[in-house]
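Colleague: Questions regarding the structure given below will be posed in turn.
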Amino acid sequence: MPELPEVETVREGLARWVVGRTIGEVNVAHPRAVRRHLAGADDFTDALVGRTVTGARRRGKYLWLPLDSGDAILCHLGMSGQMLVQPPDAPAEKHLHVRVDFTDGGRQLRFVDQRTFGGLSLSRDGAELPPEIAHIARDPVDPDFDDEAFVAALRRKHTEVKRALLDQTLISGIGNIYADEALWRARLHGRRATHKLTRPPVRALLGHVRDVLAEALKAGGTSFDALYVNVNGQSGYFDRSLNAYGRADEPCGRCGTPIAREAFMNRSSYFCPRCQRRPAS
DNA sequence: TTCTGCTCCTGAGGGC
DNA sequence: TGCCCTCAGGAGCAGA
């Protein structure tokens, strides 16, 4: 599932393969892929043709490609979205929703998404940060991320610590996988109350979040199946380094206790019941 | 205002 | 073999 390391890997690929090229033709095969562009698919394609991509940027799990018109292509990969750079004669992927041809006749940019939770839209504000994602907080690998402001904001909340890690308006880029991994490293149960945590464990948790994300980024991301790939269709290999997520009933790497799995927010949480003590109530 | 839980969506896998 | 059910989860939205 694309979280910060996976999205950053895709951004790096787009910066290499797409920036500086001029769009010749756009084909939207599945309207749901551009549902967040309220003006519709025709408006989306019309605004792109003839424009040159000037950059590839990211905040949290969002990507955007600024254009020379001042607009930007905004992209979220959802759960299964892929931004692929493919030769024009490569066979169409089963869930190919948007295809972008460039005037140089070279590799196409393709948006492929099995579950269609992701999508593309056009941001027309021309701002440094697209207003559509202005509510998304900086991510913890952003040099301007304010550690102490995050610690204070998390402790002000009256919620569970894992839920807070998944709140993209508080800290962005973290999804279910890396939340479980960081909590395991921090020896914190995800249901611990944020307002009862003191500053030191929250600072330590933030450090573990950064470590996990950095290691995953180095590995090219986490892949459990073919749903997450980089722009060349290759999978990352950080899943081999996971200590908690997806390891139910396997021994904890620290104490040997079987990793537990429980339902959480319509998904699953993985934790060590011994290293990560559940709060009293 | 803040927090919680539902909904969208598709394919894999298991049970019958 | 085929049908049905469950599971996976990011983000927006409605309701408490």
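Colleague: For the stretch A:105-126: of the residues being among the charged types (D, E, K, R) and at pLDDT 90 or above, which is most open to solvent (accessible area, probe 1.4 Å)?
Modeller: A:ARG107
Every residue, every condition in (1) touching a Gly at 6+ places or on another chain (Cβ under 9 Å); (2) more than 16 Å from DNA strand C (Cβ to nearest atom), yes or no:
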residue	(1), (2)
A:ALA134	no, no
A:PHE145	no, yes
A:VAL151	no, yes
A:LEU154	no, yes
A:GLY173	yes, no
A:ASN176	no, no
A:LYS196	no, yes
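Colleague: Could you tell me whether the stretch A:151-163 includes any residue that is at pLDDT below 90 and crowded, with 22+ Cβ neighbours inside 10 Å?
Modeller: No, the stretch A:151-163 has no match at all.
Colleague: Moving on to the next point. What number of residues in the stretch A:127-136 are within 16 Å of DNA strand B (Cβ to nearest atom) and either under 22 Å from A:VAL28 (Cβ atoms) or open to solvent by 50 Å² or more (accessible area, probe 1.4 Å) (or both)?
Modeller: Final tally of qualifying residues: 2.
Colleague: Within the stretch A:72-83, can one find any residue that is over 22 Å from the mean Cα position of the chain (by Cα), among the polar types (S, T, N, Q) and surrounded by 19 or more Cβ atoms within 10 Å (Cβ to Cβ)?
Modeller: no
Colleague: Here's another thing I want to ask about it. Between residues in the stretch A:251-277 that are open to solvent by less than 30 Å² (accessible area, probe 1.4 Å) and residues that are away from DNA strand C (no atom under 16 Å from the Cβ) and of a type in the set (S, T, N, Q), which pairs lie under 7 Å by C-beta distance while being six or more apart or on different chains?
Modeller: Taking only residues 6 or more apart or on different chains, the pairs are A:CYS272/A:THR257.
Colleague: When the stretch A:1-52 is examined, which residues are found to be surrounded by fewer than 17 Cβ atoms within 10 Å (Cβ to Cβ), within 16 Å of DNA strand B (Cβ to nearest atom) and part of a helix (DSSP H, G or I)?
Modeller: Once the filter is applied, which keeps residues that are surrounded by fewer than 17 Cβ atoms within 10 Å (Cβ to Cβ), within 16 Å of DNA strand B (Cβ to nearest atom) and part of a helix (DSSP H, G or I), the stretch A:1-52 yields A:PRO31, A:ARG32.
The values are calculated or read from the model by the stated rules, or taken from the named source; none is laboratory data. Remember, it's a predicted structure, so these values are computed and weren't measured experimentally. When we count neighbours, we look across all protein chains shown, and the Cβ atoms used for this are built from the backbone with ideal geometry, even at glycine. Each accessible area value is taken on the protein alone, full model and side chains, heavy atoms only, with ligands, DNA and RNA left out. Shrake-Rupley method; radii C 1.70, N 1.55, O 1.52, S 1.80 Å.
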